[in-house]
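Notes to accompany the following structure.
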Amino acid sequence: MTCMQACIFLMRDMGDVTADLGTNADKIRGLLREGYLRADVARYLGIRYQAVRQVAVDAGIEGGLRRSSLPRAISERSDPVDPLSHLPRLIGAGFERLGAWTIEGDSLTLESTTKRGRAVYLMVEDGVILYIGLSTRGVHARMRDYRRGPMGQRTSYRINGVIRDAIASGRSIEVYFLIPDPIKYLGLPVDTATGLERGLIDQIQPAWNMQGIVK
């Protein structure tokens, strides 16, 4: 058993952690200190990610930014795939670097948002793919959503928060993208971008994708 697997085994169930805690703030602190991911805490308590983040910041709790467990598709294999192996393979398949997220003042910005087209995009830290998404309106429009992080768009709001957390902790988050060529099957159009996104999420199980669900 690895150190990570041992830590997972020792984590108490969320219900057990929160059973004797009264307020949401107490529950948030308890769950984060137990080792749960901030996004998982928000989903469990039925509250916004930013509320969890604010409690964590106020309490000086820096954990909960990454998965506390191995991605399902990897942990179940007897020969786990090195997460650093995915990005080079995807770059070889045509993914290009778009830019890196930064914070200027209080604004989340991206070095470049000029690319247009229906695309699959990746958010990457130190060569590890953390998030995979699909831009149906173009990469520039989807990145604008993440920059703004409006509360009415749950995924944009959540990803805006985790990007900010990453940058605040000194990490660099880069964006890569690919606009796949259209294809046909028996003369019928095939949505290659949607299929590629779904296939990559199923295979890689990125930490920021909620339990491998397309968002």
| query | Just to be sure, is Asp126 under 25 Å from Val139 (Cα atoms) and either at pLDDT 75 or above or of a type outside the set (Lys, Arg) (or both)? | reply | yes
| Checking Val52 against (1) modelled with pLDDT of 85 or more; (2) outside any loop (DSSP other than H, G, I, E, B), the condition it does not meet | (1)
| said: Please go through region 17-40 and give me each residue that is modelled with pLDDT of 85 or more and part of a helix (DSSP H, G or I), ordered by number. | reply: Val17, Thr18, Asn24, Ala25, Asp26, Lys27, Ile28, Arg29, Gly30, Leu31, Leu32, Arg33
| Do you know which of the residues in region 181-201 that are surrounded by 12 or more Cβ atoms within 10 Å (Cβ to Cβ) and of a type in the set (Asp, Glu) is modelled with the highest pLDDT? | Glu197
| request: Can you give me the number of residues within region 161-176 that are under 14 Å from Trp208 (Cβ atoms), among the small types (Gly, Ala, Ser) and in contact with a strand residue (DSSP E or B) (Cβ under 8 Å, 6 or more places away or on another chain)? | output: 1
| task | Just give me the residues in region 43-53 being more than 16 Å from Ile163 (Cβ to Cβ) and surrounded by 14 or more Cβ atoms within 10 Å (Cβ to Cβ), in sequence order. | result | Arg43, Tyr44, Leu45, Ile47, Ala51
| message | Checking the conditions here, which among Tyr131, Tyr121, Tyr146, Tyr157 is touching a helix residue (DSSP H, G or I) at 6+ places or on another chain (Cβ under 8 Å) and surrounded by fewer than 20 Cβ atoms within 10 Å (Cβ to Cβ)? | response | Tyr157
| Are there any pairs with C-beta distances below 8 angstrom linking a residue in region 31-47 that is in contact (Cβ under 8 Å) with a residue 60 or more places away in the chain and farther than 13 Å from Trp208 by Cα to a residue that is in a helix (DSSP H, G or I) and of a type in the set (Val, Ile, Thr), with the two at least 6 apart or on different chains, and if so which? | Ala42/Val52
| query | Gly94 versus (1) touching a Phe, Trp or Tyr at 6+ places or on another chain (Cβ under 7 Å); (2) surrounded by fewer than 19 Cβ atoms within 10 Å (Cβ to Cβ): which is the lone unmet condition? | reply | (1)
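The values are calculated or read from the model by the stated rules, or taken from the named source; none is laboratory data. What you see is a predicted model, and the numbers here were worked out from it, not measured in a lab. Using ideal geometry, Cβ is built from the backbone for each residue, glycine included, and neighbour counts are taken over all protein chains shown.
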